[in-house]
Amino acid sequence: MAADRPWGKALVIGGSYAGLVTARVLADHFGEVVLVERDAVDEDTGVHPGAPQGYHAHALLAKGGEILERLFPGLREELRDAGAPVFDYGEGIDFLLPVGFAPRKRTGVRIQTFTRDELERRLRRKVLARPEVTLMASTRCTGLTQDASGRVVGVTCRRQGEEPFEVTADLVVDASGRSSVLGDWLGALGVAVPPKRTVKAKITYTSMNFDRLEEGHPSHPDFYIAYQMPFAPHVPRAGVLLAVERNRWTCSLVGFQDQPPTDDKGYLAFAESLDNPRLAQQIGRRTVQEPTHRYTNVDNQWRPYHAVRHWPDRLIAVGDAVCVFNPVYGQGLTVAAMEAELLQGMLARRRSSGQLDGLAGEFQKKVGRLLLGPWTLSTNSDLMWNPDGQPLAARFAHWYNLRLFRVAVKDAAVWARFARVVNMVASPAVLFHPAVALKVLTSAASTRATRN
């Protein structure tokens with residue numbers, strides 16, 4: 001144990017994004033952090049081989065960007081040097097809402113766009129450069145081990161062709177993603193876990209990277225993101241185009257119960273069917289492109305570990321191992337960063353006492369509260385694709401959002417509020433401030449009067 005670290009060893013199951021940001025936090029508090037990864041990754045690996053969604057457009061919301069910059073100082077500038085642009089959310093996005101284009105006005109919300117591949121490679125290099133961190137690649141975790149009191153004290157592991165072995169730890173973190181089998185492991189230990197909550201998204205993504213004109217080129221577009229958002233029930237086709245590093249675009253076309261094609265001609269035709277013409281314009285002028293990928297497993301899934309009555313001590317779960325969101329809302333990376341920051345604060349408060357017991361259950365309960373907002377946003381929207389059984393809260397949110405958009409396309413101040421909320425740097429309550437609500441209700445009344 002290092003003299004300035006109060007605890008001995010932490011073990012993280014899963015070396016993808018959530019595991020990396022969590023390991024970064026743990027390295028400040030533990031003398032040793034072991035990353036156990038089932039795939040053959042090293043410091044030069046980019047997008048995680050086991051993450052099929054890794055090839056698609058990823059959004060790191062402003063909140064997530066702020067947290068990563070605190071954990072990895074200088075990361076934003078490194079990515080900028082690689083060609084990942086930094087820009088104001090309002091000025092740099094050509095955003096088509098279901099009622100028209102959003103104002104191209106400054107919002108004060110700074111974001112950066114890049115590929116998951118570039119982000120993860122840089123994070124992995126930084127984390128593995130920490131002397132406290134050790135990577136155990138090509139190693140599969142097969143279960144948990146406990147002491148006589150029921151406290152988790154490690155994991156059992158296996159490498160192909162070798163005998164199983166055990167790794168002990170003072171804290172075990174499951175960051176193994178949506179394929180996590182932690183629920184089964186807990187069941188084997190006699191711990192009852194409530195059923196997983198699932199909300200179907202019924203959305204398919206088809207994505208590719210292709211060349212982008214260099215900055216300063218006479219024909220370079222005046223945006224870094226072009227977006228058409230899906231909106232039930234009348235906007236089932238959508239897409240996003242992100243300017244990313246090394247003068248490329250990442251484009252993800254989205255269809256509700258309608259799979260965007262993977263062939264070049266069909267891909268362009270789908271983009272041309274959108275009401276935001278910017279995506280098809282850039283796709284049509286591509287000269288170099290990378291392979292096209294399709295992804296269909298985008299359902300929202302929440303394993304309610306916060307509700308487990310007898311959560312084992314010294315065990316926590318983070319990222320997609322707990323909650324998976326429909327990627328169209330861009331919440332996953334930011335939520336995992338928020339969970340890492342939550343853990344950082346909790347560990348910092350316990351440093352003086354050196355007491356880890358009780359942390360795990362408290363952490364999972366706080367994660368449950370943290371997830372409630374993004375889960376509600378994501379699932380309320382997805383529930384509206386189902387014509388039957390729409391909850392009242394989802395119907396009201398949908399009604400209010402549509403009328404909020406009608407105001408926002410004409411009112412840059414309201415749009416700026418919306419930008420802050422979707423980037424998780426402001427509470428959704430700011431959209432219900434009396435000044436905003438009055439505009440929304442007045443607009444709704446005016447629309448109704450016009451129809452009558």
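Net length available on complete extension from Asp222 to Phe165 is 14.9 nm, with 0.36 nm assigned per residue and the Cα-Cα distance removed. Across all C-alpha atoms in region 392-451, the radius of gyration and Dmax reach 11.5, 37 Å.
Legend: ranking of residues His56, His217, His398 from fewest to most surrounding C-beta atoms inside 10 Å; resulting order His217, His398, His56. When you filter the trypsin sites (Lys or Arg not before Pro) in region 268-373 for DSSP loop state and at most 15 other Cβ atoms inside 10 Å of their Cβ, you are left with Arg285, Arg309, Arg351. Working from Cα pairs under 8 Å separated by at least six residues, relative contact order for the chain is 20 percent. Of the chain, which part is the longest with no GluC sites (Glu not before Pro) in a loop (DSSP not H, G, I, E, B) and with at most 16 other C-beta atoms within 10 angstrom? Segment 216-452 is the longest.
With a simple spin-label model that places each label point 7 Å from the Cα along the Cα-to-Cβ direction, the separation between Ala269 and Gln355 comes to 6.7 nm. Projecting the Cα atoms of Ser207, Leu441, Thr250 onto the charge dipole of the chain, computed from C-beta unit charges around the Cα centre, puts Leu441 farthest toward the positive end.
When the chain is fully extended, how far beyond the present Cα-Cα distance does Arg294 get from Ala129, taking 0.36 nm per residue of separation?
Result: 56.0 nm gained on full extension.
Here each label is just a point 7 Å from Cα along the line to Cβ, and for Phe396 and Asn247 those points are 5.3 nm apart. Each principal axis of the Cα cloud of region 67-174 was evaluated for its coordinate range; sorted largest first, these ranges are 61, 33, 28 Å. Charges were assigned to the Cβ only: +1 to each Lys and Arg, -1 to each Asp and Glu. The resulting dipole of the chain about its Cα centre is roughly 1640 debye.
The C-alpha atoms of the chain define a longest principal axis, and helix 359-383 lies at about 20 degrees to it. Within the chain, DSSP assigns beta bridges of which about 70% are antiparallel (rounded to the nearest 5). Comparing Ala62, Val152, Ser179 along the charge dipole axis of the chain, the residue lying farthest to the positive side is Ala62, per the Cβ-charge model.
For the chain, what does the helix formula give at 222 nm: sum of -39500 (n - 2.57) over DSSP H segments with n ≥ 4, over the residue count, nearest 500 deg cm²/dmol?
The helix-only estimate for the chain comes to -10500 deg cm²/dmol at 222 nm.
Computed about the Cα centre, the dipole magnitude for region 392-451 is approximately 180 debye when only Lys and Arg (+1) and Asp and Glu (-1) carry charge, each at its Cβ. Scattering from region 1-65 was approximated by placing one identical point on each alpha carbon and applying the Debye formula without solvent; log10 I(q)/I(0) at 0.12, 0.15, 0.26, 0.30 1/Å stands at -0.39, -0.58, -1.12, -1.25.
Once the Cα atoms are used to define both axes, helix 412-422 deviates from the longest principal axis of the chain by about 30 degrees. Go ahead and collect, in residue order, the members of region 119-161 whose backbone nitrogen is under 20 Å from a label point 7 Å along the Cα-Cβ direction of Asp81. Taking a point 7 Å out along Cα→Cβ of Asp81, the residues of region 119-161 whose backbone N falls under 20 Å are 119-130. Full extension of the chain segment joining Ser179 with His433 gains 87.4 nm, where the gain is 0.36 nm per residue of separation less the Cα-Cα distance.
Every number in this text was worked out from the coordinates using simple rules, so none of it is lab data. In this text, all values refer to a predicted model and were calculated from it rather than measured experimentally. All Cβ positions, glycine included, derive from the backbone under ideal geometry; neighbour counts span all protein chains shown.
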